[in-house]
1. Sticking with the crude label model, points 7 Å out along Cα→Cβ, report the distance from B:Ile22 to B:Arg57 in nm, one decimal please.
2. Enter the buried accessible area of the A/B pair, total of both sides, probe 1.4 Å, in Å² rounded to the nearest 100.
3. Heavy atoms of the protein only, probe of 1.4 Å, neighbouring chains included. What is the accessible area of B:Glu34 in Å², nearest 10?
4. Please give the net charge around A:Val89, taking every other residue with its beta carbon less than 13 angstrom from that of A:Val89, where Lys and Arg add +1 and Asp and Glu add -1.
5. At 0.36 nm per residue, and after removing the present C-alpha to C-alpha distance, how many nm does the segment from A:Gln167 to A:Lys92 gain when stretched out fully?
6. Give the ranking of A:Thr191, A:Thr43 by solvent-accessible surface, highest area first, calculated with a 1.4 Å probe.
7. On full extension of the chain, what length is gained from A:Arg64 through A:Arg77, given 0.36 nm per residue of separation minus the C-alpha to C-alpha distance?
8. So how exposed is B:Val63, as accessible area in Å² (1.4 Å probe, rounded to 10)?
Amino acid sequence: MASTAVSNPAVNNSDRSLLRRKKKKKIPNQNQNLRNQAQAAQTEWKSDTQQQAYSSKLLQALRRVRITGGAAPKGGRAVRDAADRVLAVAAKGRTRWSRAILTNRIKLKFMKNSASHKRQRVTVTTGNSRWQKKPRVSILRLKTKNLPAFQRKARVLGRLVPGCRKQPLPVILEEATDYIAALEMQVRAMTALTQLLSGASSSSSSSSASSSSSSSVNALNQLGSSRHPPAS
Amino acid sequence: MSSRRSRSRHSAASRITDDQIIDLVSKLQQLLPELRNRCSDKVSAARVLQETCNYIRSLHREVDDLSERLSELLANSDTSQAALIRSLLSQQS
């Protein structure tokens, strides 16, 4: 839009006023683009292909965790870390929380600072104790934005979503929206994976229900073979 | 509203509008299973934030539980099933 104004050098004053008006209009247009991107990302987290891709990548990561299980923390924590890492990779760097998860991994790897883990857990428990108080305001007009109760809840939310501790309110809200969609997909994928694996293990140990084992084998096969091309 | 006008004059510098935040909060409300069907007049923004925090925490707990179960499943099935997974994964690695 600014280019059309520049290409008509006939009337300078109107061009300048046009540019000024168009600069003001740019901001809502940018917001509209961001909103469309956010909506597209939202639907993507719900898609089956995204879940399949996540599940297969998670399987690969878990297999790596098992084989090199010596140095890494064992048990559920290792699985949780791998699941979060694969989730962050699936976000393709579009969101702050995904980038924060990946950079935290690298920081922890190189600095071997497990104190940050403990610090995170401590903040979560103190946040729990705050929810005893009921919110006193019950109107949706945004005069509540400046109330201390609202600000407090916004800060707690900022601490829950990775990478959003010092971000302003609209950033926290946007990141939380995408983060919730991603977490829901993570839960769906891991639940399906757990059912598959428990079905496969129970049927292989009993070796009587061949049909169920073959169906779970087929599902595992699909997960293993559904590989997306490397991200361009 | 005069309050909105004065606020927008202040927030024009920071480029954050009330409408933007209201929009984001309502979008967040649509995601929450607890608040999805309530009309937005009766739900305060603080309530939405509180439910968001609770929901994220419960999702974290679910992921932790699932991680525990997955790690047990992968650890305990050292027999044919692990070999099965390994063979499946090694086919396309």
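The values are calculated or read from the model by the stated rules, or taken from the named source; none is laboratory data. Just so it is clear, the structure is predicted and the values come from calculations on it, not from any experiment. Neighbour counts run over all protein chains shown; Cβ positions are idealised from the backbone, glycine included. In case anyone asks, the SASA skips ligands and DNA or RNA and just uses the protein heavy atoms, side chains included. Shrake-Rupley method; radii C 1.70, N 1.55, O 1.52, S 1.80 Å.
1. 3.0 nm
2. Its buried surface, counting both partners, is about 5600 Å².
3. Here the residue's solvent-accessible area equals roughly 120 Å².
4. Net charge in that neighbourhood comes out at +4.
5. Contour length minus Cα-Cα distance gives 24.9 nm.
6. Of A:Thr191, A:Thr43, the descending order of accessible area is A:Thr43, A:Thr191.
7. Here the segment from A:Arg64 to A:Arg77 would lengthen by 3.2 nm.
8. My reading of the accessible area for B:Val63 is about 0 Å².
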